[in-house]
Each structure stands twice: as C-alpha cells, then as structure tokens.
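Below is one structure, written out as structure tokens; the observations come after it.
The values are calculated or read from the model by the stated rules, or taken from the named source; none is laboratory data. Predicted, not measured: the structure shown is a model, and the values here were computed from it. Quick reminder, even Gly has a Cβ in these numbers, built from the backbone with ideal geometry, and neighbours come from all protein chains shown.
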Amino acid sequence: MVALLAVILVLVNVLDQGKTQVSKEDAVAIARQRIDFKPTGYQIRFIRRGIPSRGFWVASFYIRKAAGGYSRVTVILVDAATGKVTEVRKTT
C-alpha cells in the first residue's frame, strides 16, 4: 500500500509539470507583442500538449472581412508555465 501511494505521488508530480503560472491576460499581452498588424479581435484558449502534458495559451488575432471570413490571422502559442512564445503561425 505504501509503495502504491509513493507511485501515485510521483505520478502526480510528474504529470503536474504543466502548471499555469501565466494568466490569460498576461498571455494575451505577451502574444500581442508578436503580431505586426492591428487586429479587430482575438480569441484565447488553454490547451495541453505533449507527454507529459504541458499547458499552453493559444491566442488567435484576426482582421474580420466585411463580407465574412478573415483577411489576416496570426495564432501564437504561449507556454503557460514560462510565458515564452513557442510558436507563431501567420496567414494572410
């Protein structure tokens, strides 16, 4: 029983390495520094990636077309533990 408890504690510590240290608002501010246009809007969501999983904020900044759709979109991944930008994807 003690061994099982020890294994559970180790797994919890290993799997919990993706703790969120960066707030949603901070992630938006960090990501906004990486775009080169004035967006008309944005979305932000929290995801987990990898094994063991790690938390990321995904910020999507866009310019919406009057007729529908988007003329420009940039998606930025911000590591939720460190605040580092790990990926930037641009579409025009």
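Yes or no, residue by residue, for (1) outside any strand (DSSP E or B); (2) touching a Phe, Trp or Tyr at 6+ places or on another chain (Cβ under 6 Å); (3) in contact (Cβ under 8 Å) with a residue 60 or more places away in the chain:
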| residue | (1), (2), (3) |
| --- | --- |
| Ile51 | yes, no, no |
| Phe61 | no, yes, no |
| Leu77 | no, yes, no |
| Glu87 | no, no, no |
Within region 37-49, residues touching a residue at least 24 places away in the same chain (Cβ under 8 Å), over 12 Å from Ala27 (Cβ atoms) and within 16 Å of the chain's Cα centre (by Cα) come out as Arg48
Checking Gly55, Gly18 in turn, the sole residue that is in contact with a helix residue (DSSP H, G or I) (Cβ under 8 Å, 6 or more places away or on another chain), surrounded by 12 or more Cβ atoms within 10 Å (Cβ to Cβ) and either among the charged types (D, E, K, R) or modelled with pLDDT under 95 (or both) turns out to be Gly55
